[in-house]
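Note sheet for the following structure.
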4 protein chains.
Amino acid sequence: MGGTMRALRKTRPGPGAELAEQPIPSPGEGEVLVRVHAASLCGTDLHIFDWNEWAATRITRLPMTFGHEVAGTVESVGPEVHHIQPGAFVAAETHIACGHCSTCRTGRAHICENLRILGVDTDGAFAEYVVIPAANAWIVGEGIHPDTASIMEPFGNAVHATFGTEGGEDLATNPVAVIGCGPIGLFAVGITRAAGAWKVVAIEPNEYRRDLAAKMGADVLVDPRAQDPVAAVLEATNGSGAEVVLEMSGNARAIDQGTRMLARGGRMSLLGLPDGPVTLDLADQVIFKEARLHGITGREMFRTWQQTTTLLSTGRVDARPVITHRFPLERFEEAFEVTASGRSAKVIVFPGG
Amino acid sequence: MGGTMRALRKTRPGPGAELAEQPIPSPGEGEVLVRVHAASLCGTDLHIFDWNEWAATRITRLPMTFGHEVAGTVESVGPEVHHIQPGAFVAAETHIACGHCSTCRTGRAHICENLRILGVDTDGAFAEYVVIPAANAWIVGEGIHPDTASIMEPFGNAVHATFGTEGGEDLATNPVAVIGCGPIGLFAVGITRAAGAWKVVAIEPNEYRRDLAAKMGADVLVDPRAQDPVAAVLEATNGSGAEVVLEMSGNARAIDQGTRMLARGGRMSLLGLPDGPVTLDLADQVIFKEARLHGITGREMFRTWQQTTTLLSTGRVDARPVITHRFPLERFEEAFEVTASGRSAKVIVFPGG
Amino acid sequence: MGGTMRALRKTRPGPGAELAEQPIPSPGEGEVLVRVHAASLCGTDLHIFDWNEWAATRITRLPMTFGHEVAGTVESVGPEVHHIQPGAFVAAETHIACGHCSTCRTGRAHICENLRILGVDTDGAFAEYVVIPAANAWIVGEGIHPDTASIMEPFGNAVHATFGTEGGEDLATNPVAVIGCGPIGLFAVGITRAAGAWKVVAIEPNEYRRDLAAKMGADVLVDPRAQDPVAAVLEATNGSGAEVVLEMSGNARAIDQGTRMLARGGRMSLLGLPDGPVTLDLADQVIFKEARLHGITGREMFRTWQQTTTLLSTGRVDARPVITHRFPLERFEEAFEVTASGRSAKVIVFPGG
Amino acid sequence: MGGTMRALRKTRPGPGAELAEQPIPSPGEGEVLVRVHAASLCGTDLHIFDWNEWAATRITRLPMTFGHEVAGTVESVGPEVHHIQPGAFVAAETHIACGHCSTCRTGRAHICENLRILGVDTDGAFAEYVVIPAANAWIVGEGIHPDTASIMEPFGNAVHATFGTEGGEDLATNPVAVIGCGPIGLFAVGITRAAGAWKVVAIEPNEYRRDLAAKMGADVLVDPRAQDPVAAVLEATNGSGAEVVLEMSGNARAIDQGTRMLARGGRMSLLGLPDGPVTLDLADQVIFKEARLHGITGREMFRTWQQTTTLLSTGRVDARPVITHRFPLERFEEAFEVTASGRSAKVIVFPGG
């Protein structure tokens, strides 16, 4: 369509980013151009903004536009796109799968061997327009407010971690511990409750976020700096431990604690990414207990998106308390500041203002 | 302990029953004597009371005391009972398993090859005292009112049917249809909602029970005499059908309809017992759809009881609307009459008055 | 590429078919043109050839080329085909899924809501060339002889039925009954043995096919006209019944018998298509036994194909005994005759002679 | 029955053991007295014999008789034993479960909260007679030679690890790596093959045991001192890694390597007990790959015993190559020496000579 747009660009290695005029991109074969309505900030975006060690290693192509949690309206479609039309309001699955490797061919595209990430390996969504593969566009449908559709991606992370790789048959009637109440942990608290869990214990050092965990339905709140979270979970469960532990913090010590609060035969979903090796007492905490540790990444395409749509559109989970701040895109510095502050959960920017 | 007690006895083939003084039984090896606090009426009890064809064939030993949904206080224990003490308040698992057959030895005692049923194959619980195997006594614990603990057995039926043999990973976020809203169906509506199902459709011709289904949380109510239930479920699910169908009616036509309202890849739990052969369109409704039909009987020992305890004691399910009538045992005739009337759900009798 | 080819055409309603010169088709968008090396005959093809009631109802477009079990070399590719090149030797998945419905989007394309079948809804493979969607082309790889690659499709049916929808965790060490030893049943005998089943009972009235079942590894052979197959399975399993029953016959009486030979808690995969309603004793044979009846159709895309490839290429299953006849395409009448005769299993035709 | 017997006693902290005359024990309530036919040596027995740090901490009661892998004939039964008669030939499940805790009540007695171990917490089986709970006696039946029935316990460990907590649906047609080829690893190689796995890679530094792994059916043998086992598994699987890794070594480095050789979405059963903390790269090897690490201990009671019985009695697994040495009990010092030597696999002692 030609013309230019505003985009938040990372132009050089180092902290910060800058708004710049950029040509509006064209959708290629199998791609769609989306006019961005809302994009939310993820921890990954903060890493890129701050240019931490992970970002310096992972981002190899500068300048680039970042941001990947996004919802908007399809503006135009590229060649070979048959099943989505301009005008559709969509949210983006951010895992771009090859479609041809062994895991893709067996229905596990989210762990594709050739995975690329929107806004990391491609130009992202902190912009007026973004190009995504048509296969990654999920039609949002009625019942989910356009302002909040960009959170479907991280909400889906929480859905996938909560239900796990076995389907979540261990949630209903069982005690569950959620370690780390950033936005994904907060969503998980709500999803866990909606799935019929009993006694959801939320573990989070930040008081602001513990308060949000209570709003999302946590039965027990634990400040791990004030009390031993393992003891707290055992106490809340008459000594049996949590049947399910959802590890959202990526903190090595918390992961070890997670194994210790797990019931015999219990399941721990590991979603938080530790930034180094993690040391565990496998003999006593995993082997003798027959515990199961399951790595979790991304979202099942697209079973997770269907579950996400149902949970949000029916009100089974009310995600609104987690969305704490909204800014027009040009106030991106405030958006990153409040994200980093710890006095926020999900922060959304609106390129349209 | 000696002495006598009042017991509701079936003394001869034919309708009716009579209260009689009986010796208080003594617990044998591995058994406990329970002072009955409350016993609830099951469809099976009505069959025995009315002496229908099933009863005439199945009950081979008269006179006998019937009744099997029971809760009460352990009065004394027989030899070889080590883990339950007099004074414990217990509910009874009514499937008496041999413990030694192949299914028992592999953790599936509820489908024991030598199964006997309390109050059918042994003297039952419509009496001041009943003897049960110690292994069948479930300690009720706090949080469940003694008056209503006798319903844990049929509630457990509903729990087992709802979660199914695979654990219920298909409930959360999915549409579910419950066919037949007798007490077990009504419990299932509540359990299904507690497990996070979306759009629970209750199908029941009796208006009194449809009203109760609404109270238990059904999203859609269908009177199968007024509208085609298959069409109703398809309409409620945008044409996809119910991911899970819980068949509680035992009606041959309803079972066939259940397969027709099932989504592709869906699961149907069959709990209602048809009284004759059932004719199905396996090719179109099961094979091409890859539907799964699962027979359900009794309760998993004792996983189902743990789930039942949690659901009831935490209030995740409020079963009170289902308990519609209470009588002292001597008013048993009224109790059977109201059970048969269709203007009731669960009816409980209290031998202590 | 232009030019003409020989193709086996159904030109009018009624028995028979005729070889005709046809234009070589051109692959459209997302399609590939395959030069057919071998095509095998399926029961469906026999229905079409004979023009039975099913065919008269199902086939709405005449004239047409039929045949769908096929392997050959990609001759050319249409627009938008990126991941398969001319020269690749491929077998065809015959379920053409839409890719956009709810079941497709959740990894269950084989039960797509808009499914079309190669050689039924499109022109098929009894021809020198056939066009298939690129997504349906499975690269055969080394280790599977080109002459026999066309059987991967029905072999995959057997793989899917044997492992079932739960993954086949009930096969190893368990007794399994296979009802009906046509080619798919015969493959299932071999797969069942390869998966570690114990005591595979093959039930088949045709002596020629029972002999093949023995060659494929059946431990016990049962002629259902000479002995009661239910009694035979119970006897072979010390009265417990088969943990898994694979129903390949589609015969209503055999399906009923299948439920009766099933162990408590057992699983029955239903693949054979009955041509009318089926009457079952659900109460005694399914509900009280907690049996599971699972409809099975097609092949999981493409997990089943990976399993098929491994089983055949490693020799874990030797499928050669099942391939009983080979003909050049022009001898198609003999091919159909021997297929109908009962003194054959899989029959393959070679358009190249 | 009175009288005395020879028993191998640990009389004081420190290496060694001594044969002593002991009173023949009497079976208590619910117990049986077994005349020991054969008892095999386990790594645990070697720890006790050598009196390593683990033994010094774990064994609190001296003197005691050790040994727990045992088969023999029931000589007499204690009170309250109804379902096993003198004369029965039995093997012992060595996990003595309480039967009353939450895990026992939910069918997971092998991870009982109050677990005791035969020959560790009770007097063991290196003796002419041993007392075990009747519930722990598994009737061996025909088809398993009495001389080798004592190995059913460690063989069961291998069965449970191989099938895992999900049932082993991931074995057939998939590549499997077995790390550590002591007796349990060697059994696992055979079981894995019997369950239809493809390309079983056995990783073991000891040449003697690698040779046994080949005899048990390993397709690929890896000496981890001569080549990188991660590279070897990746090479054997075209870069994809093993779908299942069975960790039998307990070696911290090998466990880390196990995660690295695991395919995306793969499962690792952890059975070998590390003697200290284990450090893992959870982010790259577990989370991004969605790997599943499952702790495994003991045997499912008694599903694993049924599977074990079938595998051994039908010859689906021939365990004989693993039984490398037999001694009369009085030559126990040779038995421990050859067990420690590395030039042996399973060593069996016979109290009867």
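The values are calculated or read from the model by the stated rules, or taken from the named source; none is laboratory data. Worth saying up front: this structure is predicted, and the values here are computed from it rather than measured. Methodologically, a virtual Cβ is constructed for each residue, glycine included, from the backbone with ideal geometry; neighbour enumeration extends over all protein chains shown. All accessible areas refer to the heavy atoms of the entire protein, side chains included, with ligands and DNA or RNA removed. Shrake-Rupley method; radii C 1.70, N 1.55, O 1.52, S 1.80 Å.
With +1 on each Lys and Arg Cβ and -1 on each Asp and Glu Cβ, and nothing else charged, work out how big the dipole of region D:95-156 is about its Cα centre, in Debye to the nearest 20.
That gives a dipole near 360 debye.
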For C:GLY143, label point 7 Å along C-beta direction: distances to other copies, nm | 3.1, 4.5, 5.2
In terms of solvent-accessible area of protein heavy atoms at a 1.4 angstrom probe, what is the ranking of B:MET248, A:MET261, highest value first?
-> B:MET248, A:MET261
Solvent-accessible area per residue for region C:58-166 at a 1.4 Å probe radius, Å²?
-> 32
How crowded by other chains is C:272-285, given as the mean number of beta carbons from other chains within 10 Å of each beta carbon?
-> 6
Using the Cα centre as the reference, give the magnitude of the dipole from point charges on the C-beta atoms of chain A (Lys, Arg: +1; Asp, Glu: -1; all else neutral), rounded to the nearest 20 debye.
-> 260
How crowded by other chains is A:97-109, given as the mean number of beta carbons from other chains within 10 Å of each beta carbon?
-> 4
Computed accessible area, D:HIS82, all protein chains, 1.4 angstrom probe, square angstrom = 90
Once the label point is placed 7 Å from Cα along Cβ, list for B:SER341 the distances to the corresponding points in the other copies, in nm, shortest first.
-> 6.4, 7.5, 8.6
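For the protein assembly as shown, which whole percent of the accessible surface, found with a 1.4 angstrom probe, sits on carbon and sulfur atoms?
Values: 23330 of 49120 Å².
Heavy-atom surface of the protein assembly as shown belonging to carbon and sulfur, 1.4 Å probe: 47 percent.
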Just grab the label-to-label distance for C:ASN114 and C:GLU166, each label 7 Å out from Cα along the Cβ direction, in nm (one decimal).
-> 3.4
Excluding ligands, DNA and RNA, what is the solvent-accessible area per residue of region D:208-305 at a probe of 1.4 Å, expressed in Å²?
-> 35
For A:SER313 and D:THR73, what is the calculated FRET efficiency with R₀ set at 56 Å and r taken between the beta-carbons, to the nearest 0.05?
-> 0.25
Tell me, what is the FRET efficiency for B:TRP54 and B:HIS83 to the nearest 0.05, using R0 = 41 angstrom and their Cβ-Cβ distance as r?
-> 0.70
Enter the Cα centre distance for the pair region C:171-200 and region D:150-189, rounded to the nearest angstrom.
-> 22
Counting other Cβ atoms within 10 Å of each Cβ, which trypsin sites (Lys or Arg not before Pro) in region D:44-145 have at most 14 and sit in a DSSP loop?
-> D:ARG61
Long-range amide H partners of A:ARG326, meaning residues 5 or more apart or on another chain whose placed amide H is closer than 5 Å, are A:ILE348
Restricting the count to DSSP beta bridges whose residues both fall in chain B, what percent are antiparallel, rounded to a multiple of 5?
-> 55
Test item: D:191-203 mean partner chain Cβ contacts at 10 Å | 4
For chain D, what log10 I(q)/I(0) values come out of the Debye formula at q = 0.11 1/Å, with one point per alpha carbon and no solvent?
-> -0.72
Could you estimate the translational diffusion coefficient of the protein assembly as shown from the Stokes-Einstein equation, with Rh from the Kirkwood formula over C-alpha pairs, at 37 °C and 0.692 mPa s, in whole µm²/s?
-> 97
Go through A:PRO351, A:ALA125, A:SER102 and say which Cα lies farthest out towards the positive end of the charge dipole of chain A; charges sit on Cβ, +1 for Lys and Arg, -1 for Asp and Glu.
-> A:SER102
Taking both sides together, what accessible area is buried at the B/C interface, probe 1.4 Å, expressed in Å² and rounded to the nearest 100?
-> 3100
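Give the relative contact order (percent, whole number) for chain C; include only Cα pairs under 8 Å separated by 6+ residues.
Worked out over chain C, it gives 17 percent.
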Could you quickly flag the chain A residue whose beta carbon comes closest to the rotation axis taking A to C, and that distance in whole angstrom?
-> A:GLY107, 2
Over 24 Å between C-alpha atoms is what I'm after, so list which of A:LYS199/B:LYS346; C:LYS199/C:LYS289; C:LYS215/C:LYS346 land there.
-> A:LYS199/B:LYS346
Give the ranking of A:GLU80, A:GLU93 by solvent-accessible surface, highest area first, calculated with a 1.4 Å probe.
-> A:GLU80, A:GLU93
How far is it, in nm, from the label point at D:GLN227 to the one at A:THR11 when both lie 7 Å from their Cα along the line to the Cβ?
-> 5.3
With a cut-off of 12 Å, note down the residues of region A:74-98 whose backbone N falls inside the zone around a label point 7 Å from the Cα of A:GLU29 toward its beta carbon.
-> A:79-81
Put a point 7 Å out from Cα along the line to Cβ at A:PRO277; what are the distances to that point in the other copies, in nm, shortest first?
-> 1.1, 6.8, 6.8
Honestly region B:137-258 on the Cα gyration tensor test (a ≥ b ≥ c root eigenvalues; a/c under 1.5 rounded, otherwise a/b vs b/c for prolate or oblate) is just prolate
Considering the Cα trace of region B:31-171, what is its radius of gyration and what is Dmax, both in angstroms?
-> 15.5, 46
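Can you give the calculated 222 nm mean residue ellipticity of chain B, where each DSSP H run of n ≥ 4 adds -39,500 (n - 2.57) and the sum is split over every residue, rounded to the nearest 500 deg cm²/dmol? Provide the component values of the computation, followed by the final result.
Numbers: 10 runs with 90 residues, N = 353.
Counting only the DSSP helices, I get -7000 deg cm²/dmol.
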Loop sites in region C:1-64: GluC sites (Glu not before Pro), DSSP, at most 15 other Cβ within 10 Å | C:GLU29
Point-to-point label distance, C:ARG320-A:ALA20, nm (Cα→Cβ direction, 7 Å offset) | 6.5
Area accessible to solvent at C:THR192, 1.4 Å probe radius, in Å² = 0
